[in-house]
Amino acid sequence: MTTTTIIMCAVCITIPLCGILAAIIPYLQRRTEVFAVTVPSVAQDDAYVKGLKRKYAAIMLTVTVVLTLACAMAAYAQRPLVLFVLLIGGTFALMFASYGLMLFYRRRMVSYKKERGWVAQSQQSVASLGAELEGFPRGLSLKWNLLYIPVIATTAAIAAVGYSSMPELVPMHIGFDGAVDGWAQKSVGVVLFPVLLEAFLAIILTFCHWQMFASKAWKEPGAPASSAWAYGMFVRANSIVLVGGGVLLTMVMGIAFELYIVGVIGIGAAVIATLVACVPMVVASIAVSVVYGQCGSRVFLRMQTSDAMLVDDDDHWKLGIFYWAPEDASLFVPERFGVGWTINCARPAAWAIFGGVVVLTAVFVAASILMVG
């Protein structure tokens with residue numbers, strides 16, 4: 001089996017994984033939220049709400065099946081260029097379809113909420129920062145990110161030892177036909193590129209880990225203790241996946257491509273090793289989402305439901321997914337439609353972070369161009 005064939009198979013699997021996960025998002029949300037609308041927990045048993053969820057899932061699964069079949073046909077016909085176009089276009093299609101459907105059903109939920117008279121009688125809140133949940137499950141310490149240091153050091157050592165045996169011309173790009181169509185001259189910059197890549201990934205993944213601790217930890221007003229415990233388990237599971245999967249992926253990707261650059265293995269082996277290293281992190285992330293749900297909402301599925309609404313912050317969520325609350329000191333909060341965390345766009349620090357990410361990415365791209373040429 002050629003490298004191109006393996007990559008094509010990996011692409012074919014990517015679309016259905018993304019599509020299925022997108023289709024079940026409404027079933028992973030907190031029990032007081034439906035399509036980014038605050039509702040009483042009893043709404044989860046409402047026939048109309050269940051119907052909206054089923055329709056959303058059916059449409060997303062239909063789109064996923066169509067895109068998967070298109071990818072399979074392109075792979076069977078050995079048309080890698082078409083397949084990669086389908087991967088990019090299909091990924092965006094799934095994203096836009098999911099968000100568009102969410103907005104469509106969100107409007108329906110807003111109307112249904114008014115029809116049913118679901119109004120918060122008060123604005124109770126027991127939300128707090130994760131660090132304040134003493135005695136509850138917590139995520140891995142940020143110190144675990146120090147594991148990236150020996151990984152980067154090992155890759156740098158391989159670069160130093162292997163530089164003398166590095167070929168004068170290093171293949172840097174493979175065409176869709178599997179043939180090498182891009183080369184780079186032997187240089188210190190080229191041999192150190194995997195080190196730069198590892199450092200960039202380590203910074204991004206460490207930031208994602210820090211975000212979990214910096215986020216407001218949601219505790220449901222109607223069940224503060226059990227929901228706080230569930231949230232702690234959710235954070236712990238996500239931190240384990242992020243650190244474990246991140247270190248593994250960074251290590252395999254960096255070392256594999258370093259070994260390739262110094263001439264120990266071929267580019268095909270490096271690409272395959274990277275794809276294999278992605279599997280544990282992807283599978284574990286999906287498993288955590290399905291098992292725990294957003295904020296641990298699936299940990300205690302049998303928690304007592306209630307027709308009372310103790311909090312309603314719909315006005316703070318613009319277009320369902322953008323959190324805008326100037327009076328909220330929290331920089332990060334759990335997502336409203338999805339699994340994970342998002343940023344409070346009303347905080348000045350949020351825009352500093354956006355700018356920092358852009359600058360960091362630009363520096364990485366510029367350094368890559370200078371090093372590899």
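The values are calculated or read from the model by the stated rules, or taken from the named source; none is laboratory data. These numbers come from a predicted model, not from an experiment. Cβ placement follows ideal geometry from the backbone for every residue including glycine, while neighbour counts extend to all protein chains displayed. Note: areas computed on protein heavy atoms with side chains; ligands, DNA, RNA excluded. Shrake-Rupley method; radii C 1.70, N 1.55, O 1.52, S 1.80 Å.
Of the listed requirements (1) more than 30 Å from THR38 (Cβ to Cβ); (2) at pLDDT below 85, ILE261 misses just one: (2).
Among the residues of the stretch 335-373, the ones that are assigned to a helix (DSSP H, G or I) and surrounded by 14 or more Cβ atoms within 10 Å (Cβ to Cβ) come to 8 in all. The set of residues in the stretch 198-254 that are of a type in the set (S, T, N, Q) and either open to solvent by 40 Å² or more (accessible area, probe 1.4 Å) or under 15 Å from the mean Cα position of the chain (by Cα) (or both) comprises THR206, GLN211, ASN238, SER239. Any idea which residue in the stretch 195-237 is farthest from PHE136 (Cα to Cα), counting only those that are among the polar types (S, T, N, Q) and in a helix (DSSP H, G or I)? Here the residue is THR206. Residues in the stretch 323-334 that are open to solvent by 20 Å² or more (accessible area, probe 1.4 Å) and of a type in the set (Gly, Ala, Ser): ALA329 only.
Restricting VAL37, VAL65 to those that are out of contact with any helix residue (DSSP H, G or I) (no Cβ under 7 Å at 6 or more places or on another chain) and at pLDDT 90 or above reduces the list to VAL65. Taking the conditions (1) surrounded by 13 or more Cβ atoms within 10 Å (Cβ to Cβ); (2) under 30 Å from ALA230 (Cβ atoms); (3) modelled with pLDDT under 90 in turn, SER122 satisfies each one other than (1). Among the residues of the stretch 40-62, the ones that are over 26 Å from ASP313 (Cα atoms) and either modelled with pLDDT under 95 or not small (Gly, Ala, Ser) (or both) come to 4 in all. Any residue that is at pLDDT 90 or above and open to solvent by less than 20 Å² (accessible area, probe 1.4 Å) - is there at least one of those in the stretch 69-92? No: zero hits. The single condition from (1) open to solvent by less than 20 Å² (accessible area, probe 1.4 Å); (2) modelled with pLDDT under 90; (3) not aromatic (Phe, Trp, Tyr) that VAL276 fails is (1).
Considered as a group, the residues in the stretch 10-31 that are assigned to a loop (DSSP other than H, G, I, E, B) and open to solvent by 30 Å² or more (accessible area, probe 1.4 Å) include one that is nearest to VAL271 (Cα to Cα), and that residue is ILE24.
Taking each residue of the stretch 125-151 that is over 14 Å from ALA230 (Cα atoms) and looking for partners that are surrounded by fewer than 14 Cβ atoms within 10 Å (Cβ to Cβ) and modelled with pLDDT of 70 or more with beta-carbon atoms closer than 8 Å, six or more apart or interchain, yields LEU142/TRP210. Here CYS295 clears all of (1) closer than 23 Å to VAL42 by Cβ; (2) at pLDDT 90 or above; (3) within 15 Å of the chain's Cα centre (by Cα) except the condition numbered (2). A search for C-beta distances below 9 Å between a residue of the stretch 254-282 that is closer than 21 Å to ALA199 by Cα and any residue that is assigned to a loop (DSSP other than H, G, I, E, B) and open to solvent by less than 30 Å² (accessible area, probe 1.4 Å), counting only pairs 6+ apart in sequence or on different chains, returns ILE261/MET166; VAL262/MET166. In this structure, does ILE286 turn out to be hydrophobic (A, V, I, L, M, F, W, C) and part of a helix (DSSP H, G or I)? Answer is yes for this residue.
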